[in-house]
Amino acid sequence: IECHRSHKGEDVRGIVVSRRSQQQTDINGTPKVFPSGDPMPEVVITLKTDLRDPSIEDDEGLRSIYAKGASDGTGVLDGIRNEVQKRGGKFADGGELYVEFIGLGVAKKGQSAPKQYKVAYRGPAEAPKAAAASAQDDLPF
């Protein structure tokens, strides 16, 4: 979902199966750094989803989100942090994550408009065990 082709309303939801930190790269694969020279981090979150691509044999529904913070606090990583704090837990494998691209913010001079996201999360203890249960609560799962 964190890509150049995001369309308003595009979303992904699923159970967190792994997460890891890595350095961001540009479109050519060159590592990105801040003006100070420090690496720009991102968190790669892999979800088990209901999505399947019929053109991929044995597609198990695993999808990755490349979560980054944003200087204006609207990045996917910012949304996850806010959700985890609001719910008083920790971001963990087995939790349920929902991310939706909702549009573009206001561009600063010389920069692209920042992408804005809606994020919902519930920890493993809160995550429903069956899809039917998730249809009865107030989260967008």
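Bear in mind that the values in this text are calculations on the coordinates, not laboratory data. Since the structure is predicted, the reported quantities are computational estimates derived from the model, not experimental observations. Note: ideal-geometry Cβ built from the backbone for every residue, glycine included; neighbour counts use all protein chains shown.
Dipole of the chain computed with +1 at Lys/Arg Cβ and -1 at Asp/Glu Cβ about the Cα centre; of LEU47, GLN111, GLY123, farthest Cα towards the positive end is GLN111.
Comparing SER71, SER18, SER36 in a Gaussian network model of the chain where C-alpha atoms under 10 Å apart are linked, the largest mean-square fluctuation is found at SER36. With a Cα cut-off of under 14 Å and a minimum spacing of 8 residues unless on different chains, the lysine pairs in the chain number 6. Computed about its Cα centre, the charge dipole of the chain is approximately 520 debye, with only Lys, Arg, Asp and Glu carrying charge at their Cβ.
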